[in-house]
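The block underneath contains the structure these notes are about, expressed in structure tokens.
Here, each number is a calculation from the coordinates, and none is a lab measurement. This is a predicted model, so every value here is computed, not measured.
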Amino acid sequence: MPISESILDELDLSFHPLTSKLWRDYEMLFGERGACGGCWCMFWKLRGKAYDENKGDRNRQMQKSVVDSKVVPGLIAYSEGYPVGWVAVEPRRKYPKLAHSRVLKPIDDQDVWSITCLFVEKKHRRRGIAVAMIQAAVEHAGSSGGRIVEGYPVETEKDEAPPFIFTGTASAFRQAGFTEVARNSPARPIFRYEISARVESEG
């Protein structure tokens, strides 16, 4: 999936997997609140009370342990060398809360990767970065052996505050080339991008 060249050129965007070397940039981007409410992008990995009990520094430490173990939980977006965005993408099995979600339950037994969170630094919002991050996540999944990538956006009819659309918007996933494949709740569709099918059709 080619990322929009106009967005890349305009903002000098680049995307890098989160590793231990980039941890300080991740902390800088997320700030003291861990992006939102002390989450540190652990929401989908902790079920029930475990998430609420670990909000804040414990979540940060758990995410750091993941990164230090050489697991890549997502990509950092940079603009002119400065961290401006984050997209979480891993195999769906890495997200226990998804497996137990009634609304976002698996639609089949396919091995899929999941885009579960998008975060853009305040000054860089509404500039198309979210769409570029989704496309970059697809490329990362494909290079890691993934063939199907899912997203779980919110279908919005009006502007929503970032905490309510941290999984992305349906319009952003459509712009990134995804197709809706299920909807178990009016505002929570499931989108997919099939990498192998697109590669074959473009070949």
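What would the Debye formula give as log10 I(q)/I(0) at q = 0.13 Å⁻¹ for the alpha-carbon point model of the chain, no solvent? Log10 I(q)/I(0), no solvent term: -0.68.
Of Lys21/Lys97; Lys21/Lys49; Lys21/Lys64; Lys94/Lys123, which ones are farther than 21 Å apart at the Cα? Long pairs (Cα-Cα over 21 Å): Lys21/Lys97; Lys21/Lys49; Lys94/Lys123. Taking every DSSP helix (H) stretch of at least 4 residues in the chain, weighting each as -39,500 (n - 2.57) and dividing the sum by the residue count yields a mean residue ellipticity at 222 nm of -9000 deg cm²/dmol. For Trp113, the residues whose modelled amide H falls within less than 5 Å of its own, excluding neighbours fewer than 5 places apart on the same chain, are Arg92, Arg147, Ile148, Val149, Glu150.
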